[in-house]
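Step one of this worksheet: look at the structure below.
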C-alpha cells in the first residue's frame with residue numbers, strides 16, 4: 001500500500017487537539033488493513049517527522065438500517081501517533 005492510502009485523514013476534535021498540546025500525539029483515520037509499522041513509515045514519509053510510538057484503535061462494523069433495508073457501516077480504524085519533542089505537523093496547528 002502507498003503511504004497516502006494508509007493515512008486517510010487527520011482527526012481534529014477537542015480531545016485530539018488536547019493530546020497534541022499536552023503530549024505531542026496526533027490522531028489519524030487509517031486503513032484497517034495497515035499495521036503499526038506501516039502506519040509509522042507512512043506518517044514519517046508524508047510529514048517528514050520522527051515517530052516514537054503508534055497506538056491503533058480498531059472499531060467494529062456498525063449495523064444500520066434505512067426503512068426495511070439493513071446494512072453495515074464500514075469498519076473504523078484510528079491511529080494515535082506520538083512524535084519526537086522537536087517535531088510537529090502543520091495541518092493540526094491551522
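The values are calculated or read from the model by the stated rules, or taken from the named source; none is laboratory data. Predicted model only: the values in this text are computed from it and were never measured. Using ideal geometry, Cβ is built from the backbone for each residue, glycine included, and neighbour counts are taken over all protein chains shown.
Residues in the range 59-83 that are at pLDDT 95 or above and under 16 Å from residue 7 (Cβ atoms): 77, 78, 79, 80, 81, 82, 83. One residue alone among 24, 41 is on the phi > 0 side of the Ramachandran plot and in contact (Cβ under 8 Å) with a residue 12 or more places away in the chain, and that residue is 24.
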